[in-house]
Amino acid sequence: MSTDALRPAIPGAPTSTDAPVPSTPSTAARDQALKAALLQRSPIWKSADDRAKRLAHGRAKDVADAAQLADDYRLLAHDLARARRLMPRSRTRDYLEAAYARAHSTLYRSAWHPGAALLSLFRDEIPEVTRGLAPHIAWATAIFVLTAFAGYWMVHTYPELIGLFASPDLVATVERGHLWTEGILNIVPSSVLSLQILTNNIVVSLFAYCAGFVFGLGTLYILGLNGLTLGAVFAFSALHGLDAGLFRFIVPHGCVELSVMCLSGAAGAAVGEALVRPPHGNRMESFRMAALRSGKLLIACAVLLVGSGLIEGYVSPRHDIPLWARLVIGIGYWLLMVAYLTGQLTRRSSNTAGPP
Amino acid sequence: MSTHGARDLIIDSVTGVELALPIAGPGARCYAFLIDWHVRAILFAAWYAVAAIIYNGRWSFAAPLDPDAKWFMFVVTPAATLYFLYHFVLEIAMHGRTPGKRLAGVRLVSRDGGPPGVGALLIRNVFRLVDSLPVLYGVGLVVTLVTREHVRIGDMAAGTLLTYDRSEAVPPAHTSEIELIRELLLRWHSLEQAARHDLAVILLSRHGIDANDPADAALRAQLDALARDGHK
């Protein structure tokens with residue numbers, strides 16, 4: 001909304017915030033009279049301030065009471081402008097500044113409709129943000145895949161390099177011919193495992209996003225490191241004939257989990273790009289807009305990670321689920337994610353879409 | 001919208017009269033954070049202690065050697081949720097404030113002077129991951145010290161600022177009240193000390209001023225300031 005268009009609401013209202021105008025004897029007398037007249041209005045200010053406080057907590061008596069706030073706001077602005085000129089260092093000015101700020105805050109508070117906001121976020125905004133971030137998603141995926149291949153090649157060629165990516169315990173377990181995921185359910189219950197995994201994955205995703213603040217480099221490192229680790233571990237498992245077992249374990253939850261890593265990396269990359277090449281001139285403003293926009297995707301990522309965490313806790317470690325069922329679960333969940341993020345799942349028909 | 005000398009956030013208004021919000025410095029920010037940290041630490045500990053006693057069935061806070069799902073779901077997860085979602089939930093519920101911010105006299109505002117939206121608060125709190133690095137909010141503190149508007153990275157990302165609330169500002173005395181105060185001041189020496197003390201306390205309390213120093217001279221000075229509308 002343009003504020004300039006509405007400026008003449010109080011013609012001639014001064015905007016200076018300090019320094020009273022030097023006065024002659026005649027203007028001093030006039031100012032004294034104005035001060036007295038201004039102080040007569042203190043009960044009105046009190047009433048306006050009480051209304052603003054009441055409305056801030058959603059306690060309007062009726063529509064007229066709520067509408068009165070707009071008049072109060074103009075009245076407070078008018079009197080504050082006078083107080084700034086006539087008594088710049090007074091309790092009157094302090095009080096009017098506070099009351100004006102409260103009225104402004106109450107007047108400009110957005111309507112609170114959490115249900116509608118959530119519906120709009122999940123139905124319209126997240127698919128829209130995903131479409132807008134398509135180039136970033138493609139780049140993040142490319143980096144992740146390339147580093148995964150690089151990690152695979154490195155450890156396949158030089159197996160001793162596995163020490164850079166995996167813990168000594170994991171290396172020892174694989175060298176004994178076992179996967180570290182075997183028997184995991186004997187140690188930790190599924191529900192606890194799910195909770196631990198999804199919490200860890202959500203934190204990693206949030207880090208990948210926040211690390212975009214370092215001009216995108218932090219996100220790049222997190223994506224690259226995760227890709228290298230995945231490739232390296234797969235290569236090391238393959239060297240010991242365990243790659244098929246690892247694939248069986250990963251496929252139900254990994255399709256979405258690894259995709260979410262790329263999505264949060266894309267969100268972080270968008271934040272980084274806004275700092276490297278600010279599209280709105282001001283770097284901070286561009287950063288803020290990119291963070292708020294791409295941050296919506298993180299909400300979808302968190303929800304998707306809850307699903308993959310549950311699969312990883314309840315499905316992946318079980319030995320009685322055949323590969324075909326694991327593939328159906330993994331690919332099915334991934335297709336569901338793609339359908340949602342591309343808007344296919346939530347797209348409304350043209351009759352109900354409303355005006356463009 | 002602009003800032004004047006890192007003191008005030010100046011916002012254009014449709015009325016033509018700029019809104020001036022004083023920006024809180026690192027001191028007020030740290031003060032609010034320390035209070036909030038203690039509140040959430042107490043909440044965390046209280047939940048953990050009560051839930052652990054109920055879980056163990058005796059006066060013991062110890063975690064079991066082989067913790068089961070019930071331990072995590074009933075004891076650990078709610079306590080961790082209280083600790084980590086404290087700021088986000090309370091900032092939404094209290095329109096940009098928390099108990100710590102309220103005590104420090106500050107509140108969060110967006111750059112248009114209104115309370116921040118849910119999305120902005122979410123982003124602001126997600127960026128705590130970066131601001132809290134490496135320890136004790138080191139990154140956030142340094143950034144707050146070096147930025148003109150004293151904001152941390154989360155504030156930059158969310159477009160929020162911490163401003164003084166000025167909720168303690170009290171309305172000026174009405175003209176008739178001022179005449180009453182002046183009358184009391186004129187008759188000050190002719191009244192008995194107990195009587196003038198009582199009258200002074202009543203008049204000051206009407207304007208939200210606590211007569212915390214009951215000395216005769218201090219009361220008179222406060223009344224004098226009130227009669228002159230507290231010109232500083």
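The values are calculated or read from the model by the stated rules, or taken from the named source; none is laboratory data. Please read all numbers here as calculations on a predicted model, not as lab measurements. No Cβ is skipped: glycine too gets one built from the backbone with ideal geometry, and neighbour counts run over all protein chains shown.
Given (1) more than 14 Å from every other protein chain (Cβ to nearest Cβ); (2) surrounded by 15 or more Cβ atoms within 10 Å (Cβ to Cβ); (3) under 23 Å from the mean Cα position of the chain (by Cα); (4) among the small types (Gly, Ala, Ser), identify the lone condition not met by B:Ala51.
(3)
Among B:Leu141, B:Leu145, B:Leu161, which is of a type in the set (A, V, I, L, M, F, W, C) and not in a helix (DSSP H, G or I)?
From the options B:Leu141, B:Leu145, B:Leu161, the qualifying one is B:Leu161.
Which one of A:Ala103, A:Ala98, A:Ala111 is at the interface with chain B (Cβ under 8 Å from one of its Cβ atoms) and under 30 Å from A:Tyr73 (Cβ atoms)?
Of the residues listed, the single one that is at the interface with chain B (Cβ under 8 Å from one of its Cβ atoms) and under 30 Å from A:Tyr73 (Cβ atoms) is A:Ala98.
Pull up the stretch B:172-192, narrow it to residues that are crowded, with 19+ Cβ neighbours inside 10 Å and assigned to a loop (DSSP other than H, G, I, E, B), then point me to the one that is modelled with the lowest pLDDT.
B:Ala173
Where residues in the stretch B:48-104 are in a loop (DSSP other than H, G, I, E, B) and of a type in the set (Asp, Glu), which of them is nearest to A:Ala56 (Cα to Cα)?
Filtering first and then ranking leaves B:Asp68.
Does B:Ile92 fit the bill of being over 30 Å from A:Arg84 (Cβ atoms), within 11 Å of chain A (Cβ to nearest Cβ) and β-branched (Val, Ile, Thr)?
yes
Kindly provide the set of residues from the stretch A:186-199 that are assigned to a helix (DSSP H, G or I) and either buried (at least 20 other Cβ atoms within 10 Å of the Cβ) or more than 18 Å from the chain's Cα centre (by Cα) (or both), ordered by number.
A:Asn186, A:Ile187, A:Ser190, A:Ser191, A:Val192, A:Leu193, A:Ser194, A:Leu195, A:Gln196, A:Ile197, A:Leu198
Could you give me the residue pairs with C-beta distances under 7 Å whose first residue belongs to the stretch B:5-32 and is more than 7 Å from chain A (Cβ to nearest Cβ) and surrounded by fewer than 19 Cβ atoms within 10 Å (Cβ to Cβ), whose second residue is at pLDDT below 90 and assigned to a loop (DSSP other than H, G, I, E, B) wherever it lies, and which are 6+ apart or on separate chains?
Close Cβ pairs (under 7 Å, with a partner that is at pLDDT below 90 and assigned to a loop (DSSP other than H, G, I, E, B)) amount to B:Ile10/B:Met1; B:Pro22/B:Arg7.
Let me confirm something: among B:Arg97, B:Arg111, B:Arg124, which residue is on the phi < 0 side of the Ramachandran plot and more than 10 Å from chain A (Cβ to nearest Cβ)?
Testing whether each residue is on the phi < 0 side of the Ramachandran plot and more than 10 Å from chain A (Cβ to nearest Cβ) leaves just B:Arg97.
List pairs: first residue in the stretch A:339-353 and at negative phi, second residue surrounded by 14 or more Cβ atoms within 10 Å (Cβ to Cβ) and at pLDDT below 85 anywhere in the structure, Cβ distance under 7 angstrom, at least six positions apart or on different chains.
Note: pairs meeting the criteria are A:Tyr340/A:Thr346.
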